[in-house]
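Visitor: Supplied in structure tokens, the structure appears directly below.
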Amino acid sequence: MTYTLAEHIKAFSTERHCTEATAPYDGFNITHYCGDEVEHVRQCRKQLCERLGIPDSRLIVPRQVHGVHIEEVTEQNRGEAFEDTDALITRLEGVCIGVSTADCVPLLFYDSGTGAIAAAHAGWRGTVARIGVLTIEAMLEAYGTKAEDISCVIGPSIGPEAFEVGEEVYEAFADAGFPMDNIAYRHAETRKWHIDLWRANAWQLTQAGIPEKAVHVCGLCTYTHYSRFFSARRLGINSGRMFTGIMKQTNHLMTSQP
């Protein structure tokens, strides 16, 4: 599925593209560290790069750890592995950056003022730690980005009805200052807390200065639509991942570059 941020920006989330999608790796997966077969990942990467019109070396997939480390992608370092990295920023053209998720929240950013783009991985820990806000701050430091110039996509991820949590998770959000009346509710029958990660991330991004109308919430639950998107809660942690990416298109032919 694709998102509209600007005419020259490609922004998307991959889908599984298979009929049954009941096994943990059935479908389209480009994430190399989730236990899938190497050849299957390689073939999926090749297909995506062909669709984007870029060589494999310009598709950047960081290894995420539910942290808040952010890296800038440059021509000098784009060949690195980006280990222990949960957000990427860049101003390069023809380089696709993104994050891998299977219920966690993927965030995409486009700054119309400086042309910078970013992708961040916001699981519940990353959301509590405000990875989205930290990404904006990294764009400000690197490029002079202003929050009011940013458009943001909150991609497919686990929805509030499926995201049941324990008291410790609820308390982590409350202690971090989130508006709990707005982002959480207790289930009438189970009495378990449910948290809306979409609202939690949208709230912190607008608090950071992104206009409310510029925060686009996809609203698709990966747990519910696990045959379309990977869901770790449905399939187990050892499963494939959807990839949510963003790229600035360029006028010259990218496939001629190394």
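Where a number appears in this text, it was derived from the coordinates with a stated rule and is not lab data. Computed from a prediction, not measured in an experiment: that's the story for all the values here. Backbone-built Cβ (ideal geometry, glycine too); neighbour counts: all protein chains shown.
Visitor: Hey, if you put +1 on the Cβ of every Lys and Arg and -1 on every Asp and Glu Cβ in the chain, which of THR145, LEU52, LEU220 ends up farthest toward the positive end of that dipole?
Guide: Working it through, the farthest residue towards the positive pole turns out to be LEU52.
Visitor: May I pose another question? Once the dipole of the chain is set up with Lys and Arg at +1 and Asp and Glu at -1 on Cβ about the Cα centre, which of ALA122, THR85, ALA102 lies farthest towards its positive end?
Guide: So the residue furthest toward the plus end is ALA102.
Visitor: Right, another one. Under 26 Å Cα to Cα from LYS46, which lysines show up? Leave out anything in the same chain fewer than 8 places away.
Guide: LYS10, LYS248
Visitor: Can you tell me the dipole magnitude for segment 49-116 around its Cα centre, using point charges on the Cβ only (Lys, Arg +1; Asp, Glu -1), in Debye to the nearest 20?
Guide: 180 debye
Visitor: OK, next. Order these by the 10 Å Cβ neighbour count, fewest first: ARG51, ARG234, ARG63.
Guide: By the 10 Å Cβ count, ascending: ARG51, ARG63, ARG234.
Visitor: Taking every pair of distinct Cα atoms and averaging 1/r, then inverting, what Kirkwood hydrodynamic radius in Å comes out for segment 130-258?
Guide: The Cα-based Kirkwood calculation yields 17.0 Å.
Visitor: How large is the dipole of the chain about the Cα centre if only Lys and Arg carry +1 and Asp and Glu carry -1, each at its Cβ, rounded to the nearest 20 debye?
Guide: Charge dipole of the chain: 520 debye, to the nearest 20.
Visitor: Let me ask something else about it. Please identify the GluC sites (Glu not before Pro) of segment 47-108 that satisfy two criteria: DSSP loop assignment and at most 13 other Cβ atoms within 10 Å. Which are they?
Guide: Here the sparse-neighbourhood loop sites are GLU75, GLU80, GLU83.
Visitor: Which whole-Hz ³J(HN,Hα) couplings does segment 164-169 yield from phi under the Karplus relation 6.51 cos²θ - 1.76 cosθ + 1.60, θ = phi - 60°, glycine and proline marked x?
Guide: 7, 9, x, 4, 5, 6
Visitor: Right, next: Running a GNM on the chain with Cα contacts under 10 Å, which residue among GLN64, GLN204, GLN76 ends up with the highest mean-square fluctuation?
Guide: GLN76
Visitor: Ok, one more. For each of GLU164, GLU189, GLU20, count neighbouring Cβ atoms within 10 Å of the residue's Cβ, then give the residues from fewest to most.
Guide: With the fewest neighbours first, GLU164, GLU189, GLU20 line up as GLU189, GLU20, GLU164.
Visitor: Which order do SER13, SER231 fall in if you start with the one that has the fewest other Cβ atoms within 10 Å?
Guide: SER13, SER231
Visitor: Counting C-alpha atoms alone, how compact is the chain: give Rg to one decimal and Dmax as a whole number, in angstrom.
Guide: When restricted to the Cα atoms of the chain, Rg and Dmax are 17.6, 59 Å.
Visitor: Taking Rh as the Kirkwood radius computed over C-alpha pairs, what is the Stokes-Einstein D of segment 10-80 at 20 °C in a medium of viscosity 1.002 mPa s, expressed in µm² per second?
Guide: 154 µm²/s
Visitor: A further question on this structure: Highest first, please rank the peptides 108-115, 33-40 by the mean number of other Cβ atoms sitting within 10 Å of their residues.
Guide: Output ranking for 108-115, 33-40: 108-115, 33-40.
Visitor: Now for a different question. For the chain, what does the helix formula give at 222 nm: sum of -39500 (n - 2.57) over DSSP H segments with n ≥ 4, over the residue count, nearest 500 deg cm²/dmol? Write out the running numbers ahead of the final one.
Guide: Details: 7 runs with 61 residues, N = 258.
When only DSSP H runs of four or more count, the value is -6500 deg cm²/dmol.
Visitor: To the nearest 20 Debye, how big is the dipole of segment 139-199 about its Cα centre, given +1 on the beta carbon of each Lys and Arg and -1 on that of each Asp and Glu? Intermediate results must be reported in sequence, preceding the final value.
Guide: On the way: 5 positive and 12 negative charges, 28 e Å.
Rounded to the nearest 20 debye, it is 140 debye.
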